[in-house]
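Every read-out reported here was derived from the displayed coordinates using simple, explicitly stated rules and does not represent laboratory data. Quick caveat, the model's predicted, so the values are computed rather than measured. A quick note on method: Cβ atoms are made from the backbone with ideal geometry, for glycine too, and the neighbour counts reach across all protein chains shown.
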Amino acid sequence: MSRPVLMLLSGPNLNLLGEREPEVYGSATLADHVEAARSEADRLGWDLEHHQSNHEGQLIDLIHSARGRCSGLIINPGALTHYSRALADALATFEGPKVELHLSNPAAREEWRGISVVAPVVTGTVAGFGGAGYPLAVRALVEVGPG
Ligand code: DQA
């Protein structure tokens, strides 16, 4: 039997992790976080597919491509978290469990980061645990179960 597939999506500027504001986001690269998430998924019997894009429309297309194919979705939407209603609408069309993931705790930062327009359409949020959040998000999603 084939294993369930988890889609991990990384939004704008996350390709620069490791170089970008390391005092906020740490020194690990996106590849390091993906590897941590993938090994946790593998341990739990899931395959993980990762995509990063700096483009809102491309992220929306990727969410559409996960529909009916992937059993769960984890997204760090970067700054799109705070204003992209189009991304929220796309996430609402995905029927499986969904985790909103952030390295930092946006609620503890600038006021404009306190709003997440995607929070109402996800199963739950993991934020503020740095890189540890990646395997934590995988575990949370797998415990909720395939969609
Ligand atoms: C982030 C938090 C967002 O506010 C920010 O725009 C990012 C990264 C995080 O992982 O902490 O790009 O999503």
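Observations on the structure shown:
- Vicinal HN-Hα couplings computed from phi for the stretch 72-79 (Karplus, 6.51 cos²θ - 1.76 cosθ + 1.60; Hz; Gly/Pro x): x, 9, 10, 9, 9, x, x, 5
- For the stretch 123-135, Karplus couplings with θ = phi - 60° (6.51, -1.76, 1.60), whole Hz, Gly/Pro x: 5, x, 10, 10, 8, x, 9, x, x, 4, x, 5, x
- Take every Cα pair under 8 Å whose residues are at least 6 apart in sequence, average their separation, divide by the length of the chain, and the relative contact order is 27 percent.
- In the chain, the calculated helix contribution to ellipticity at 222 nm averages -9500 deg cm²/dmol per residue, counting -39,500 (n - 2.57) for every DSSP H run with n ≥ 4.
- Going by neighbour counts of Cβ atoms within 10 Å, the residues TRP46, TRP112 line up, fewest first, as TRP112, TRP46.
- Computed over the chain with a Gaussian network model linking Cα atoms closer than 10 Å, the most mobile of GLU95, GLU23, GLU35 is GLU23.
- Of ILE74, ILE63, the sequence from fewest to most neighbouring Cβ atoms within 10 angstrom is ILE63, ILE74.
- Scanning residues 5 or more positions from LEU8 or on other chains, those with amide H under 5 Å from its amide H are GLU49, HIS50, HIS51, ILE74, with H placed 1.01 Å from N in the peptide plane.
- Its Cα centre serving as origin, the chain has a Cβ charge dipole (Lys and Arg +1, Asp and Glu -1) of approximately 300 debye.
- Close amide H contacts of HIS102 (hydrogens built in the peptide plane, cut-off under 5 Å, sequence separation of 5 or more or a different chain): VAL126, ALA127, GLY128.
- Taking a sphere under 14 Å around the Cβ of ALA140 and counting the other residues whose Cβ falls inside, with K and R at +1 and D and E at -1, yields a net charge of -1.
- Spin-label proximity, ARG43 to the stretch 106-135 - amide N less than 19 Å from point 7 Å beyond Cα toward beta carbon: 126-127, 129-135
- The calculated Kirkwood hydrodynamic radius for the chain is 15.0 Å, given to one decimal from all distinct C-alpha pairs.
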